[in-house]
Each structure stands twice: as C-alpha cells, then as structure tokens.
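Undergrad: Below is one structure. I have some questions about it.
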Amino acid sequence: MQICVVGTGYVGLVVGTCLADQGFSVTCVDRDEGKIDGLNRGVVPIYEPGLEDILRRVVRENRIHFSTDAGPSIASADVIFIAVGTPSAADGSADLSAVLGVAKSIGEHVSRPATVVIKSTVPVGTAAKVRATVEDQSRFPVAVVSNPEFLKEGAAIADFTHPDRIVVGTTDPAARHVMETLYGGLVRTGRPILFMNNESAELTKYASNTLLATKISFMNELARLCESVGADVEAVRLGTGSDSRIGPKFLFAGAGFGGSCFPKDIRALKHMGDVAGVCLEIPDAVERINRRQKRILGEKIIGRFGGDLRGRRIAVWGLTFKPRTDDVRESPSLVLIRQIVAAGAEVRATDPEGIEEAREMLQDVAGVVEFVESAQEAAADADAVVLVTEWGEFRNPDFEELKRVMRQPVLFDGRNVFVPDVALQAGFEYHGIGRVHPPRS
C-alpha cells in the first residue's frame, strides 16, 4: 500500500513517520524546500521526543521519502492523508483554504481509485466539501474518510502506537477495510477503532478538546474560590479526582492553557454552533476563563510588589505551553512576560527547548527580556522566580542555592509543582495557584 501524506507539520510528520515504522511505504509532501531537504537527511524541524530516532531509521531503510512535488506522490498513492494546518480565521472559524487546496490538487493528480484521509482538525461538513472538490477535478472515484488525530505534543509517538481509540468517519465498506489495514497493528491489544459517519468523527475531535479544556478551566475557577475561602485546590483536586465518575486527569489548576489545539478548537466549536443556530455557552465561557487565568500570575506578581515593577528583575522558568515540546503558541508565558514588562519589570527567561521560538514571538519586548540557558542563570539577582511551565528540570531546585543567588527569596508557582512547606522552610515566600499554606515564619 502506497501512502502519501500532504503536510509535514506536527501531525503530518508524526503520522508519516509512524506509518513508515509500521512497514508502509510513505511519501510526505511539503512546499518548504529547506524542510524537505533536511527531512530527507533525517533532520527533524520540531522537538518531539523519540521522533528523530524513528525518522532516521525509516529514511535509512528507504521506507519514507520527502518531496515538494505533490503530483507524482498523489498519482502513485492508494491512500492520501491531508495533514495541513487549519488556523483560526478572524471570526473564530477554522480556515480551510489549505485543506481545500490539497483536495483540489488530489483531484488534479489522482490516477486511480483512492482513499483520502482527512487528518487535519476540521469542522463538521468538511469531508463533504473535500469530496466535492476532488470530484470536481477527477474522473476517478475517491472515498473521503474523517480521521481526527489525538496526538499530545511531547507524547505523540506513544499516542500513535498505543492509542486510546482510533476514530474513523466513513460509511464506505471499502474505505473501512483500508483503515482497518492501516491501523490493525495498533489495536491488537483491544483498543477500539470507532467507526461512525464523517460528521460525527469531525465533531468528536472538537468535543474531546473542549471537554478537556473545560475540566482545566473549572479547576482554575475553583482555585480562585479556594484563595478566597481558605481551601486548598490541591486537596480539592484529589478529593474530586478520586471519584471514578470523574477521574484525576486534567484537573490541575495553573496559569492557563495554550498550544496549537485547545484555543483554536474551542473557538471553532463555538463558531460551528453559531452557524448551526445553536448557542454553545460552554466553549465561550472556557475561552473567557482561560484568557483571565493567563493573567493571574502577572497580577499576583504586580500586587506583591506594590503595583510597580520598575527596578525589579523577574526570572521566568518555562516558555513553551507545556513540557516536552518547543511550541510556544498561545503560551501563558507570553502573556505573563508582556504583562510584567508593561508594569516596568526586567525579565530573564529560560526554557529547555522553546527559547528561539519565544524570542521570535516576543520581539516587541526584546529590549527588556533576556533569554538564558539555565534556571540558575535566570534566577541570579532576581526579585522573584516564576515557574510557568513544569519541565522536569524545574521541579526540584536546590532551594538553598536558589535563595543564595536571588535578590529576594520570592517564588511564584504557576503549576503548583513545588511543596509549599519545603519552600517555606528554605526561607522562601511562596505563592501558588489556589494553595493554602502556613505563613512564612
């Protein structure tokens, strides 16, 4: 079976590489000549643990190729994956121009009956649009399958090879057989392939991401209440998550969520409801709560120092929206840094993987933000350390040494990863999210 994957962003590259690792012959297509040249040499343009090792192996074994020429790759393929971006448009809808552009190219170049698999995150009704676009250009029949991805950045390889479930939208028996062949090796332990119609599969992706974001936002709301009434959100989290009907995942309060998926998918779901004449209030509330939560840390810092940060140096630990990625899109750290810079602070920031991306995103405040390579260097002569992203290397600092290098021992824990009593006993002033702890002696 010949597979073509159009798009070598995060989703396309992981899917193409992992399918090649499953023994299929794969060609990945992208317009970016520099990226394609690097990929053919085994150079991965993103940080994703484990991906580079697999890619280099399947390149060496001649099971994957990368090309800028879509035509021949589409013409020789039995299965064509669409894995291009669907960014938010100004009205919150998903921009489908790249998806439909690929569909047009498929229609122009497909040379035999084929299965088109939409891996991009797309709103309800996109499969029908893709089918119409392809059929407008081609005399060969194609089946259009909706197959949303559920890959977590930082754990994408494990998510692909050991999925919770695989969602497939098709009512075509032949297409169903193709998808069972593609994914059969991944579900031998009993994880299901869930077949449904295209519309249900398309909506499942948005429903899943919005529900997870809702759990996070609910705990962030509770954290604000905890601080007002003397409760500890970590105790509330444990008490609530121990209920088997609810479970412990995605119940961590913090400084808000970011990334390439949750924010845009929430906006797209709200827009879908508006178009359908259905007022979806939860996505709107989740987005509003998250915007506010991203400002919580900045408000705590500004309030602690009397409303004026002029002359203050703040160390920011973590720039990516989550650990184990280099992705800073919509990261809470970007909001925080701009917020405290506007209040007069000088910022020294660090991150294991996200410095270059953050530097590009924060050019508007470049004069007062310095990027350094280590947490200790960021903390030197700082009035406060702020943990924004819970990278492993930030979780267990030497508090005695940290206190020695800082100007003031003030700690803001935006992910509640530190044990308050440990920080307090080391002489730190500790500020978490929704935490209650004894006052510093």
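Undergrad: Determine, for each peptide in 193-205, 323-335, 267-279, the mean count of other beta carbons within 10 angstrom over its residues, then list the peptides with the highest first. Provide the component values of the computation, followed by the final result.
TA: Numbers: 193-205: 18.5, 323-335: 22.7, 267-279: 16.5.
Listed from highest to lowest mean packing, they are 323-335, 193-205, 267-279.
Undergrad: Hey, what did the chain get for relative contact order, percent, Cα under 8 Å, at least 6 apart? Please list the in-between numbers first.
TA: Numbers: 893 pairs, mean separation 49.9, N = 441.
Rounded, it is 11 percent for the chain.
Undergrad: Relative contact order for the stretch 1-43: what percent, with Cα pairs under 8 Å and sequence separation of 6 or more? Could the numbers behind the result be given before it?
TA: Working: 40 pairs, mean separation 17.9, N = 43.
RCO, the stretch 1-43: 42 percent.
Undergrad: Angle between the Cα long axis of helix 198-229 and the longest principal axis of the chain, 0 to 90 degrees, nearest 10?
TA: 10
Undergrad: With axes computed from alpha carbons, what is the tilt in degrees of helix 97-109 against the longest principal axis of the chain, rounded to the nearest 10 within 0 to 90?
TA: 20
Undergrad: Please count, across the chain, the pairs of lysine residues with Cα atoms under 14 Å apart that sit 8 or more places apart or on different chains.
TA: Close lysine pairs found across the chain: 9.
Undergrad: Got a sec to turn the phi values of the stretch 68-80 into Karplus ³J(HN,Hα) couplings, 6.51 cos²θ - 1.76 cosθ + 1.60 with θ = phi - 60°, whole Hz, x for Gly and Pro?
TA: Per residue, the Karplus-derived 3J(HN,Hα) values read 9, 9, 5, x, x, 5, 5, 4, 8, 8, 8, 10, 10 Hz.
Undergrad: Once amide H atoms are built 1.01 Å from N in the peptide plane, which residues 5 or more positions from VAL116, or in another chain, come under 5 Å H to H?
TA: ILE80, ALA143, VAL144, VAL145
Undergrad: Moving on. Enter the Cα centre distance for the pair the stretch 175-212 and the stretch 41-74, rounded to the nearest angstrom.
TA: Here the answer is 25 Å between Cα centres.
Undergrad: So, one more: Per residue of the stretch 391-407, what does 6.51 cos²θ - 1.76 cosθ + 1.60 with θ = phi - 60° give for ³J(HN,Hα)? Whole Hz please, x for Gly and Pro, Karplus curve as stated.
TA: Once θ is set to phi - 60°, the couplings for the stretch 391-407 become 4, x, 6, 9, 6, 10, x, 7, 4, 5, 5, 4, 4, 5, 8, 7, 6 Hz.
Undergrad: Could I ask something else about it? Computed from the mean reciprocal separation of all distinct C-alpha pairs, what Kirkwood hydrodynamic radius does the chain have, in Å? Kindly include the intermediate steps, with their values, before the conclusion.
TA: Numbers: mean 1/r = 0.0426 Å⁻¹.
Averaging 1/r across every pair of different Cα atoms and inverting gives 23.5 Å.
Undergrad: Please report MET361, MET1, MET179 as a ranked list, fewest other C-beta atoms within 10 angstrom at the top and most at the bottom. Walk me through the numbers before you get to the answer.
TA: Values: MET361 18, MET1 14, MET179 22.
The fewest-first ordering by Cβ neighbours comes to MET1, MET361, MET179.
Undergrad: Show me, for the stretch 282-295, the HN-Hα J-couplings you get by feeding each phi into the Karplus relation (A = 6.51, B = -1.76, C = 1.60, θ = phi - 60°), rounded to Hz, glycine and proline as x.
TA: 5, x, 4, 5, 4, 4, 5, 4, 5, 4, 5, 5, 5, 9
Undergrad: Still on this model: Which whole-number percent gives the relative contact order of the stretch 294-431, counting Cα pairs below 8 Å spaced six or more residues apart? Intermediate values should be presented prior to the final figure.
TA: Working: 270 pairs, mean separation 34.2, N = 138.
Reported relative contact order: 25 percent.
Undergrad: May I pose another question? Which angle between 0 and 90 degrees, to the nearest 10, do you get for helix 126-137 versus the longest principal axis of the chain when only C-alpha atoms count?
TA: 40
Undergrad: Which value in deg cm²/dmol, rounded to the nearest 500, describes the helix-derived mean residue ellipticity at 222 nm for the chain, given -39,500 (n - 2.57) per DSSP H run of n ≥ 4 and division by the residue count?
TA: Numbers: 18 runs with 192 residues, N = 441.
Result for the chain: -13000 deg cm²/dmol, rounded to the nearest 500.
Undergrad: If you don't mind, there's one more thing I want to ask. Arrange the following residues from fewest to most other Cβ atoms within 10 Å of their Cβ: LEU186, LEU211, LEU55, LEU297.
TA: Working: LEU186 16, LEU211 12, LEU55 24, LEU297 27.
Fewest-to-most Cβ neighbours within 10 Å comes out as LEU211, LEU186, LEU55, LEU297.
Undergrad: Give the long-range amide H neighbours of VAL316: residues separated by 5 or more places, or on another chain, with amide H under 5 Å away, using H modelled in the peptide plane at 1.01 Å from N.
TA: ARG348, ALA349, THR350, VAL386
No value in this document is a laboratory result; all are computed from the given coordinates. Note that the structure is predicted; figures quoted are calculated from it, not measured. Neighbour counts run over all protein chains shown; Cβ positions are idealised from the backbone, glycine included.
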